[in-house]
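**Q** Quick one: this structure, given as structure tokens, is what I'll be asking you about.
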Amino acid sequence: KVVQTTVMPLVYREFVRNTPVAAKNGGNARSKTRFNTSTARIEANYPYAEVLDKGRGFRDGQMRGSVQAPYGMTKPTIEYARRLIKQFIQQQGK
């Protein structure tokens, strides 16, 4: 329960922070990313979520490597979550 109520909302914010913002649509991917509190899951509900998460993006009329998120959203968010959980565990031991 602690992970769902304490850690996951922070992880969700990090995922959104790692989500690139396209100039033409002003953050459609970020605005469609949700945190499902009942399942404690991050839901990226847009058709190109997988493309962005692979560090790719549509630029200059074709698919290219993402400048804003070259490692996608999941990989850096998982690294953040690991650090956060380790920190949380260390604090509980004190």
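The values are calculated or read from the model by the stated rules, or taken from the named source; none is laboratory data. Worth saying up front: this structure is predicted, and the values here are computed from it rather than measured. Glycine gets a Cβ as well: all are built from the backbone with ideal geometry, and neighbour counts include every protein chain shown. When the accessible area is computed, the model is the full protein with side chains, heavy atoms only, and any ligands, DNA or RNA have been set aside. Shrake-Rupley method; radii C 1.70, N 1.55, O 1.52, S 1.80 Å.
**Q** Where only protein heavy atoms count, and the probe is 1.4 Å, what is the accessible area per residue for the chain in Å²? Before the final figure, lay out each step's value.
**A** On the way: 6580 Å² over 94 residues.
Ligands and nucleic acids excluded, the result is 70 Å² per residue.
**Q** Could you count how many Lys pairs in the chain have their Cα atoms under 21 Å apart, skipping same-chain pairs fewer than 8 positions apart?
**A** Count of close lysine pairs: 9.
**Q** Per-residue ellipticity at 222 nm for the chain, helices alone: DSSP H runs ≥ 4 residues times -39500 (n - 2.57), over residue total, nearest 500 deg cm²/dmol?
**A** Working: 4 runs with 39 residues, N = 94.
The helix-only estimate for the chain comes to -12000 deg cm²/dmol at 222 nm.
**Q** A further question follows. Relative contact order for the chain using alpha-carbon pairs under 8 Å, separation at least 6, rounded to a whole percent?
**A** Numbers: 94 pairs, mean separation 25.5, N = 94.
Relative contact order comes out at 27 percent.
**Q** Right, another one. Quickly rank 78-84, 8-14, 61-67 as a protection proxy: mean count of other C-beta atoms within 10 Å, highest first.
**A** Values: 78-84: 13.7, 8-14: 16.9, 61-67: 10.9.
Top of the packing list down: 8-14, 78-84, 61-67.
**Q** Still on this structure: Taking the structure as given and computing volume of the Cα convex hull per residue in Å³, which label from (1) 110; (2) 89; (3) 155 fits?
**A** Computing volume of the Cα convex hull per residue in Å³ and matching it to (1) 110; (2) 89; (3) 155 gives (2).
**Q** What's the local net charge at VAL16, with K and R +1, D and E -1, over the other residues with C-beta under 10 Å away?
**A** Details: positive: ARG13, ARG17, ARG30, ARG34; negative: GLU14.
So the surrounding residues net to +3.
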